[in-house]
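Here the structure comes first, spelled out in structure tokens, and everything after it is commentary.
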Amino acid sequence: MKYSKIGIGIFFLLVNLVYGIKVEKLSEVVLDQKKEIIQRGWLISVNDSEYLYLIDQKASNLKLYDKMGHFVDTVKKKGYGPQEIARPLAIDYRKGILAVGDAGKNQLNLYKVNETGLNEFKDIKGSNLGFDIRLIGNVLFIAGFKADLQGTIYGLYCLDLDTEKTDYLVTLDCCYGFSSKKELMAKIMEETNIIGRLCYLDADERDAFICWQGDLNVLAVNLETKKIASFGNKTKNYIKPKVTQKMIELYKTRSSQLDIEYHQYSYLTGLFVDKAFIAVLYANYREEIPGWQTFIQFYTRNGQFIKEEELPGAINNDDYPMKSFFYSPDTDNLYFLKKTIDKELNDVYSLIKYRIGQ
């Protein structure tokens, strides 16, 4: 037994030496709210000039900030007109293209980013957009709900932006960790709704990855063979959410006391993939902050655990943690939207920039 533990220790030491992934905090910039209040900052993307696109969930608009945190403009205002967005729920930026999923208008908007702003060049209606999106060339990967012609519901699929053809990848029951569609239908209205239904994804030309916020279990899909593998290391810091009878009762009455129950567990907030590794992020609530502290895990491309650490300064004091970061594989930069409260009880948003290197 002692030999086995030593062997395992040596294995992880060698993995760390080979991969040597380091997280370096480079900067932290406070976002200016003098001209425009951030009602509830949520999803972000960062373009090649390091300008920040911020989805304000409560205001239902898209805000733009320069790299110093100065407010530039509300580039897309709330509404149902041709140059407006009704309820943005997903965003991604890749190589001069910004994609915004608008659940209110049930469509995907694609914009070309330039110095004068955003030029919309394509919208795809009825895209059934869900929780997370990723642009890879002319293919958009989507984490959401979509049924094929046989009625099977999928949680991960991709859309060819030229032909608008859908390729189905992972069924919804598999994304949530259920054994069958029957079990999914029996538990989704209770267990999944209470913990949360958000799924997060990332992809590249080789593989697509998806995880549910309620379980540290990542599904990896080989895009050529469509074979699915899973991985995830539930460390001592991670506490898997579970639905108790008390949570069910509080959920039915919409009681604010449910937040206290949520604080007992860990919740995944997303993942990102690089050519050499996969990173998984989750958050734990800490009373001393008070708020959610983000942890980051690193895995090899074949799912072997490398290490876990706190992401320095990555704090969010919302009632419930959600995805609030953006990773650029071209620059190895990770951006995190930090939220705290000042002495006057005003929300303070900051953008932290990290370098993920080897």
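Only one entry in Lys34, Lys25, Lys67, Lys63 is of a type in the set (Lys, Arg), buried (at least 17 other Cβ atoms within 10 Å of the Cβ) and either in contact (Cβ under 8 Å) with a residue 12 or more places away in the chain or not in a strand (DSSP E or B) (or both), namely Lys63. The single residue among Tyr111, Tyr93 that is at negative phi and at pLDDT 90 or above turns out to be Tyr93.
Of all residues in segment 315-327, those satisfying the criterion of being of a type in the set (Ser, Thr, Tyr) and surrounded by 19 or more Cβ atoms within 10 Å (Cβ to Cβ) are Ser324, Tyr327. Annotation note: Cβ proximity below 7 Å between a residue of segment 271-288 that is at negative phi and a residue that is polar (S, T, N, Q) and assigned to a loop (DSSP other than H, G, I, E, B) (sequence gap 6+ or interchain) occurs for Ala276/Gln358; Phe277/Thr300; Tyr282/Ser266; Ala283/Ser266; Asn284/Asn237; Asn284/Ser266.
Listed here are the residues, each with its yes/no results for (1) outside any loop (DSSP other than H, G, I, E, B); (2) basic (Lys, Arg); (3) in contact with a Cys (Cβ under 6 Å, 6 or more places away or on another chain); (4) touching a residue at least 24 places away in the same chain (Cβ under 8 Å).
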site: Leu169; (1), (2), (3), (4): yes, no, no, yes
site: Lys187; (1), (2), (3), (4): yes, yes, no, no
site: Tyr200; (1), (2), (3), (4): yes, no, yes, yes
site: Asp215; (1), (2), (3), (4): no, no, no, yes
site: Glu224; (1), (2), (3), (4): no, no, no, no
site: Thr235; (1), (2), (3), (4): no, no, no, yes
site: Lys240; (1), (2), (3), (4): no, yes, no, yes
site: Tyr251; (1), (2), (3), (4): yes, no, no, yes
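Right, Ile228: over 26 Å from Leu43 (Cβ atoms) and at pLDDT below 95 or not? So Ile228 fails the test. Among the residues of segment 235-253, is there at least one that is of a type in the set (Lys, Arg), touching a Ser or Thr at 6+ places or on another chain (Cβ under 9 Å) and surrounded by fewer than 21 Cβ atoms within 10 Å (Cβ to Cβ)? Yes; the residues of segment 235-253 include at least one that is of a type in the set (Lys, Arg), touching a Ser or Thr at 6+ places or on another chain (Cβ under 9 Å) and surrounded by fewer than 21 Cβ atoms within 10 Å (Cβ to Cβ). Considering the conditions (1) in contact with a Ser or Thr (Cβ under 7 Å, 6 or more places away or on another chain); (2) aromatic (Phe, Trp, Tyr); (3) within 17 Å of Val100 (Cβ to Cβ), Tyr154 is excluded by exactly one of them, (3). On the stretch given as segment 253-268, residues that are among the hydrophobic types (A, V, I, L, M, F, W, C) and either part of a loop (DSSP other than H, G, I, E, B) or more than 21 Å from the chain's Cα centre (by Cα) (or both) total 2. Each residue in segment 71-87 was checked for being in contact with a Phe, Trp or Tyr (Cβ under 7 Å, 6 or more places away or on another chain) and either among the small types (Gly, Ala, Ser) or farther than 22 Å from Ser350 by Cα (or both), and 1 of them qualify.
The values are calculated or read from the model by the stated rules, or taken from the named source; none is laboratory data. As the structure is a computational prediction, the values presented were derived from the model and not from experiment. Glycine also receives a Cβ, built like all others from the backbone with ideal geometry; neighbour counts cover every protein chain displayed.
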